[in-house]
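Structure, as structure tokens:
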Amino acid sequence: MPRPCVSVEELSADMSSLYGLQVSDIKNLPCYDDATFLFTANGSDRLIAKYYNTSFTKKYVLKNILEVLSHLHSFNVPKPVPCLNGALLTEISNSKSRTGCKTESYLILYTYIAGEVLSFQKKPPKFWKKLGQLLAEMNQSMSKVKCDRYERDFPWNPLTVHTTLSEDRHYFPSKLLPTVDMQAVINTSLRFHEILQDCPKQFIHGDVNEYNVIVGKDGEIGIIDFNDLIYCYRVFDVAHCIGYMMEAQKCDIHVSAYFMRCHGDRGT
């Protein structure tokens, strides 16, 4: 199914009929599979409306995301906004897409996390300490979620990377492939199953990268985009974050070790 095709007029109508909101300053945000809008509601609050692609994101996945976010209400993460009828998730039919097909989507309205994405900002070690502690505290809260357990397949899931490398090599830049010992990576991935047997599993964010970390003007850290929420080994959240730190932020191994120690100091 194609990406949801939602016009500004449809967005305005949905916000008015479902939430009782008058919208302005609408901005269409880039998104892989979904339609996402940032706008001002009733002249003051900034909100995010996300129309999820029903063929890519299943309803039970969104229900788990909503359940996890409810456990993270005290953290600086997007908060779901209820409709006038109290529902947090609404099924929507939108206008025809470029392919001529009428699109179906799931709509969720979120609060907006103000600030700048971490991206390529250079941060001192104390920032990574704060991020490590924050991720540990979030993981502790998410470990208490009691809802449907599920494991999703993603190219960056360490437990399935051997399949990705052998079957879906288009995920990796062609210029890098000749320099990678594929068999060694595949063998290492297969060993994960043995090494991680005794490690705790829970819901984790799944993609704490430099574009999903928001830094406010006061230095407060926010975490956004829970679309890749996965029930998996807790340590994977730490591993993903460190990988992004070393690649995008060019952090050395000492800073990464500092981050991991600060994460561990919070009891995880």
Exercise. How much solvent-accessible surface does Val8 expose, in Å² to the nearest 10, with a 1.4 Å probe and all protein chains in place?
Worked result: 70
Exercise. When all protein chains stay in place, what accessible area (Å², nearest 10, 1.4 Å probe) is found for His193?
Worked result: 70
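Keeping every protein chain in place, order Glu210, Glu104 by accessible area at 1.4 Å, biggest value first, i.e. largest first.
Glu104, Glu210
Quick one: if the Förster radius is 41 Å, what FRET efficiency do Leu196 and Asp45 give, using the C-beta to C-beta distance and rounding to 0.05? Working shown, then result.
Numbers: r = 43 Å, r/R0 = 1.04.
The formula returns an efficiency of 0.45 here.
Please go through the residue pairs Lys79/Lys126; Lys130/Lys217; Lys126/Lys217; Lys146/Lys201 and name each one whose alpha carbons sit more than 21 Å apart in this structure.
Checking Cα-Cα distances, Lys79/Lys126 exceed 21 Å.
Given a 1.4 Å probe, how much area per residue of segment 1-124 is accessible, in Å²? Please report the intermediate quantities before stating the final value.
Values: 6420 Å² over 124 residues.
About 52 Å² of surface per residue is accessible.
The values are calculated or read from the model by the stated rules, or taken from the named source; none is laboratory data. Only a predicted model underlies this, so the values are computations on that prediction, with no experimental measurement involved. Because the Cβ atoms are built from the backbone with ideal geometry, glycine has one as well, and the counts that use them run over all protein chains shown. Accessible surface is based on the protein model in full, side chains and every heavy atom, while ligands, DNA and RNA are left aside. Shrake-Rupley method; radii C 1.70, N 1.55, O 1.52, S 1.80 Å.
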